[in-house]
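The values are calculated or read from the model by the stated rules, or taken from the named source; none is laboratory data. As the structure is a prediction and not an experimental result, all values here were calculated from the model. Don't worry about glycine lacking a Cβ; one is built from the backbone with ideal geometry, like all the others, and counts go over all protein chains shown.
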Amino acid sequence: MTGKGDILIVDDQPNALKVLSAILSEEGYDVLQSENVDNATELIHKRPVDAIITDIMMPGKDGMQFFDYINANHPGLPVIFLTAYGTVESAVSAMTRGAFHYFMKPPNYQTLKSVVAKAVERRAVSRGPESPRPAGGAERLVHIIGKTPEMQKLFETIDAVKCSSSNIHICGETGTGKELVARAVHDNGHAAGKPFVAVNCAAIPRELIEVELFGCEKGAYTGAVARRTGKFEEAADGVIFLDEIGELDPSMQAKLLRVLQEREIERLGCNRKIKVAFRLISATNCDLAEEVKKGRFREDLYYRINVIEIKVPPLRDRRDDIPLLAEAFLREFCAREQKMLAYTGDVIEAFRQYSWPGNIRQLRNVIERAVVLNHSGSVTLKDLPGDFHLSSQIPETVVAAGKTLREVEMQAIRQALLASDGNKSKAAKLLKISRKALYKRLDDETRLNQSDHPDEIEAAINTVSKRNMCF
């Protein structure tokens, strides 16, 4: 478990619960299961979740009734529909009412995992903690915490571009807070009182994205029972934020390019052009320049959206901010759970040493879990997921004078193998490299016979294996 987030799955089919639970648990999520809506409602009261996956057709209350309850009592909680009895009409109805995504059974599980990750990230953004105002510039960035040089540079960039009308592209890994940066630009600029409309391009099915962005007229397609205003119109004189813009298919890229050039749209089912005024802020966690080279993203659109680029640093590159973030999240969850807790010193150090592949979202979820499950008065290492226990066993490698990079690297590998009881997958995680990369280093070392002690690696593994056999 890596503390990525809590997911509730609601389905009256036990096998569907079992399969989905296994897939998401492997991804590092804590999964709750329910076979009916009433039980699911009770579970949410007892334990907050970050996203919900629900069937539609179920005995008793159905998924749509559950969705209405969530919207009324837990606004902002992402709901993903997964059904075997879907129609275009039900999909359109769900999406127009605010569903995060809609899948037909069986779903593409890679796509499902991507959508769940986005849903959890959106939930974390919507519940972001209050923080002290940063020193210098961008006085109203109350949701962004940071004092490191990387973050001060980010604040300065936001301050410099906040009153411009130029398009902005924000790039950064998943969980770094790209939408918070986009909101900071908007909230500090001259359009602060105007709309900020966020669209997750990865979470909307291809057949619905055009309606979502441009709107439609009544009768434009089966199920279009009324005129619908698109996101470009909703963002009038404000900001439209296109998250994961790299997920748009080529046809939508072409249509977006035309909107940016002409500043006018056509609703689906209508030939009349409508003038629109907005500022575009886009974001992605992939390298769009590389996508252009591979022919998956239009070069002309890339230059249109990337007038100003803002890079959000990953958490591992701003480790000095981790104590500030950890304290802010602890205050937030202690207030919510009505608890008074403090960290032991080794917890903050473990946070600083950890690689944080899920960035700030993962840190937040780890702390939320620790607070909710805590009954001792202090957050200790025992309250953290297993990965933190492993990482605390291997010290950072210090390059000693006179040692080559290869020697230092092999020393780190030996330490990782011993710390992980010879498990190469765990050792690779400790070293923050892929398992394939670890095997390549081991194979190269043996083949070239360049190590001072070429058998040390295997000896370390054998020592651990023998040690385990004694128990």
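Here are a few things to note about the model shown:
- Condition met for Ile204 (within 25 Å of Cys171 (Cβ to Cβ) and touching a Ser or Thr at 6+ places or on another chain (Cβ under 9 Å)): no
- Flag if Asn285 is at pLDDT below 90 and of a type in the set (S, T, N, Q): no
- Set side by side, the residues Glu262, Glu290, Glu299, Glu309 differ, and just one is among the acidic types (Asp, Glu), without any contact (Cβ under 8 Å) to a residue 12 or more places away in the chain and under 28 Å from Glu150 (Cα atoms), which is Glu290.
- Single residue of Val49, Val31, Val10, Val79 found to be free of Cβ contacts under 8 Å to residues at least 40 places away in the same chain and farther than 22 Å from Arg206 by Cα: Val31
- If you check Lys382, Lys440 for being modelled with pLDDT of 80 or more, among the basic types (Lys, Arg) and surrounded by fewer than 18 Cβ atoms within 10 Å (Cβ to Cβ), only one passes: Lys382.
- Residue within segment 227-245 that is assigned to a loop (DSSP other than H, G, I, E, B), in contact (Cβ under 8 Å) with a residue 60 or more places away in the chain and in contact with a strand residue (DSSP E or B) (Cβ under 8 Å, 6 or more places away or on another chain) present: yes
- In segment 1-52, the residues that are aliphatic (A, V, I, L, M) and within 18 Å of the chain's Cα centre (by Cα): Met1, Ile7, Leu8, Ile23, Leu24, Val31, Val49, Ala51, Ile52
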